[in-house]
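Below is one structure, written out as structure tokens, with a few remarks after it.
The values are calculated or read from the model by the stated rules, or taken from the named source; none is laboratory data. As the structure is a prediction and not an experimental result, all values here were calculated from the model. No Cβ is skipped: glycine too gets one built from the backbone with ideal geometry, and neighbour counts run over all protein chains shown.
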Amino acid sequence: MNRGIDHLVLCVRNLDRARDFYERLGFTVTPRARHPFGTGNNLIQLQGNFIELLGVVEPDRIAPPAPGAFSFGDHNRRFLESGEGMSMLALESDDARRDQREFAASGLATYPVFDFERKATLPDGRQAPVAFSLAYVTEARLPGIAFFVCQQYAPEYFWKPDYQRHANGATAVSDVIMVADRPGDLAGFFGSLESEENVTVDRGALTVRTARGRIVVLDPGALAVQFPGAAPAGPRFAAYRVVVPDLARVETLLAGNAQTFRKFDGRLQIDDAFGMVIEFAVST
């Protein structure tokens, strides 16, 4: 099955600082929400996928790791011990339990499906319940990061046009970029996570074409060429690309907010974005 990019989990130590930073980049950021398992988030909703700014807000509520189980809170708490950045990639799902069975049948490391509910603050200030089922996958060759599918049960309360309009014009995350010493070695993993026919390896770069966006794995040399400000050591998530209709509009906004950026090959790149490089591009 070909699953689209649902959202990026960007793990940060200070959610208020992260919210302020993304607002300076011209994003509309949702109000703070809390999970029942010790983490909290602010979201940046785009057209069909989103960015999750995630922090540990109630460490006492985080479930410790247990054999055969996956603790979302513990995974992200441990991730923050070594730095900030993108800790997880979520793919869309309309049936997380079916997806978990498919992953397991493909030989991937899977865990019991996790169901939870939280309150979402609507643009008018009211709150409404939203619920999700998550099916996790880990890979021994990619320590410290994780993948999962996310099934939503109340999308009418989650997606709101007021949250999807951004001063920078952003419409979607089109690419997630990883770095690994030998990208081609991960072809089998991504072929099981998505589908084999959508995975290609060309001159050392691995590309996964999902139903919404791409996952690109580069070796350190290629990463340094395409994203000069990214941390070269991997394996890890290193950067992501956001599609906008007008780069000049973004450049004016960033300059007006005293935000440093790099013009690079017809795109705009922002380094030191809580462990990631953010790239704005008109198209891919």
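Restricting attention to the stretch 229-242 and to residues that are among the aliphatic types (A, V, I, L, M) and surrounded by fewer than 20 Cβ atoms within 10 Å (Cβ to Cβ), the residue that is farthest from the chain's Cα centre (by Cα) turns out to be 233. Every condition in (1) outside any helix (DSSP H, G or I); (2) surrounded by 14 or more Cβ atoms within 10 Å (Cβ to Cβ); (3) β-branched (Val, Ile, Thr) is met by residue 250 except one, and the failing one is (1). Each residue in the stretch 89-113 was checked for being assigned to a strand (DSSP E or B) and either buried (at least 19 other Cβ atoms within 10 Å of the Cβ) or not assigned by TED's automatic domain parsing to the domain that holds residue 9 (or both), and 6 pass. Checking each residue in the stretch 211-228 for being in a loop (DSSP other than H, G, I, E, B) and either at positive phi or surrounded by fewer than 23 Cβ atoms within 10 Å (Cβ to Cβ) (or both) picks out 211, 212, 213, 219, 228. Within the stretch 58-88, the only residue that satisfies the criterion of being surrounded by fewer than 16 Cβ atoms within 10 Å (Cβ to Cβ), hydrophobic (A, V, I, L, M, F, W, C) and out of contact with any Phe, Trp or Tyr (no Cβ under 7 Å at 6 or more places or on another chain) is 66.
Any idea how many residues of the stretch 10-58 are among the aromatic types (Phe, Trp, Tyr) and in a loop (DSSP other than H, G, I, E, B)? Talk me through it step by step, then tell me what you get.
Quick first cut of the stretch 10-58, residues among the aromatic types (Phe, Trp, Tyr) only: 21-22, 27, 37, 50.
Checking the rest, the ones that are also in a loop (DSSP other than H, G, I, E, B) come to 27, 37.
The qualifying residues number 2.
State which residue is surrounded by the fewest Cβ atoms within 10 Å (Cβ to Cβ) when the search covers only the stretch 114-146 and only residues that are small (Gly, Ala, Ser) and under 20 Å from the mean Cα position of the chain (by Cα).
140
All conditions in (1) closer than 16 Å to residue 181 by Cα; (2) out of contact with any strand residue (DSSP E or B) (no Cβ under 7 Å at 6 or more places or on another chain); (3) modelled with pLDDT of 95 or more hold for residue 227, with the sole exception of (2).
Residue-wise test of (1) more than 20 Å from residue 275 (Cβ to Cβ); (2) at pLDDT 95 or above; (3) among the aliphatic types (A, V, I, L, M).
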{"position": "148", "(1), (2), (3)": "no, yes, no"}
{"position": "167", "(1), (2), (3)": "yes, yes, yes"}
{"position": "193", "(1), (2), (3)": "yes, yes, yes"}
{"position": "217", "(1), (2), (3)": "no, yes, yes"}
{"position": "223", "(1), (2), (3)": "no, yes, yes"}
{"position": "237", "(1), (2), (3)": "no, yes, no"}
